[in-house]
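Note sheet for the following structure.
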Amino acid sequence: MAQRLNVRLMLLAVLGACPAAHAQGALADPTRPPTVAPSVEPGADAAPATGRLQSILISATRKLAVIDGVTVPLGGKVDGATLVAIDETEVKLKRGELIETLKLYPNIERQSVEAAANQKESR
């Protein structure tokens, strides 16, 4: 009987400590991608930022982008903006006269193989 009571008390103590650790942010999701704001083309007034580009699907018959969990076809609307272009690594949204570019990999800049080789040689 005493052993059962001790096991229950230990279980209660462990379960009681877990929500407190989670509430303090100690258990952040390591697989969650970083939040990055979209880039806006120069010369345009600032507008409410659209969400994050998560995926791009390009096939012979259709082009789709997943923005904040919503699948949007080319020409479709998301957050009041129209999807006007889909590329392998970015999409363009038009809101009035403003054009926003959402990049799939915002912190990576593409360059040709020759440019990368020249950059290595110059070091």
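Looking at the P(r) of region 67-108, how many percent of alpha-carbon pairs lie beyond 14 Å? Result for the distance tail: 43 percent. Compute the signed sum of charges (Lys and Arg +1, Asp and Glu -1) over the other residues within less than 12 Å, Cβ to Cβ, of Lys103. Residues close to Lys103 contribute a combined charge of -2.
Partners of Lys63 within straight-line reach, counting lysines whose Cα lies under 18 Å from its Cα and excluding those fewer than 8 residues away in the same chain: Lys77, Lys92, Lys94, Lys103. Roughly what would the spin-label model give for Asn107 and Leu57, points 7 Å off Cα along C-beta, in nm? The answer from the label model is 2.8 nm.
Residue order by solvent-accessible surface for Ile58, Ile67 is Ile58, Ile67, largest first, with ligands and nucleic acids left out and a 1.4 Å probe. Ordered from highest to lowest accessible area with the whole protein assembly present and a 1.4 Å probe, Val70, Val91 read as Val70, Val91. Distance between the modelled labels on Val84 and Ser122, one decimal in nanometres: 3.3 nm (7 Å Cα→Cβ projection).
The values are calculated or read from the model by the stated rules, or taken from the named source; none is laboratory data. Small disclaimer: the values here were computed from a predicted structure and weren't measured. So basically every Cβ, Gly included, is an ideal-geometry build from the backbone, and we count neighbours across all protein chains shown. Accessible surface is based on the protein model in full, side chains and every heavy atom, while ligands, DNA and RNA are left aside. Shrake-Rupley method; radii C 1.70, N 1.55, O 1.52, S 1.80 Å.
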